[in-house]
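Visitor: I'd like to ask some things about the structure below.
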Amino acid sequence: MSRAKLIKQLKKKNSQLNQLELEYIIDSFSESIFSALKKGDSIEIRELGRWYCKKLRENHNARNPKTNELIYKPERIKVRFKPSKNLKKKINE
């Protein structure tokens with residue numbers, strides 16, 4: 001679902017809010033998630049899921065499959081999402 005479609009759906013359910021207010025709500029929600037993940041915190045929204053950061057180790061022996069050349073991959077952080085049991089149940093119905 002795109003951001004525009006999400007705003008349209010929210011507008012249908014909350015007709016008293018205008019589009020600028022809905023955009024501000026979505027922007028502030030996503031910014032709070034970004035800043036918490038950047039600090040290394042995890043975010044849990046009940047009945048939806050959990051976002052968390054996972055540190056990936058540096059890799060000295062990675063290879064480029066095309067040229068078979070060794071590449072160095074530095075330590076990095078990956079964002080993971082774990083869906084809640086409720087979300088899994090609703091999707092699989």
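Visitor: Want the number for Phe34 to Asn18: 0.36 nm per residue separation, take away the alpha-carbon distance, what's left?
Guide: Separation in residues times 0.36 nm, less the Cα-Cα distance, equals 3.3 nm.
Visitor: Which residue, Ser30, Ser15, Ser42, has the most motion in a Gaussian network model of the chain that connects Cα atoms within less than 10 Å?
Guide: Residue with maximal mean-square fluctuation among Ser30, Ser15, Ser42: Ser15.
Visitor: Determine the alpha carbon to alpha carbon distance for each of Lys12/Lys39; Lys5/Lys78; Lys11/Lys55 and list only those over 30 Å.
Guide: Beyond 30 Å: Lys12/Lys39; Lys11/Lys55.
Visitor: Could you derive backbone 3J(HN,Hα) for the range 35-42 from the dihedral phi with the Karplus parameters 6.51, -1.76 and 1.60 (θ = phi - 60°), listing whole Hz in sequence and x where the residue is Gly or Pro?
Guide: Result, rounded to whole Hz: 5, 5, 5, 5, 6, x, 7, 9.
Visitor: Let me ask something additional. Diagonalise the Cα gyration tensor of the range 26-93 and give the resulting equivalent ellipsoid semi-axes, square root of 5 times each eigenvalue, largest first, whole Å.
Guide: Output for the range 26-93: semi-axes of 32, 18, 10 Å.
Visitor: Here is a further query. Near Lys13, which aspartates and glutamates are there with a Cα under 15 Å away, not counting those fewer than 8 places off in the same chain?
Guide: Glu21, Glu23
Visitor: Figure the gain on full extension for Glu44 and Lys5 (residue separation times 0.36 nm, minus the Cα-Cα span) and round it to one decimal in nm.
Guide: 11.6 nm
Rule-based calculations on the coordinates, nothing more; no lab input. From a predicted model like this one, the values you see are computed outputs, not experimental measurements.
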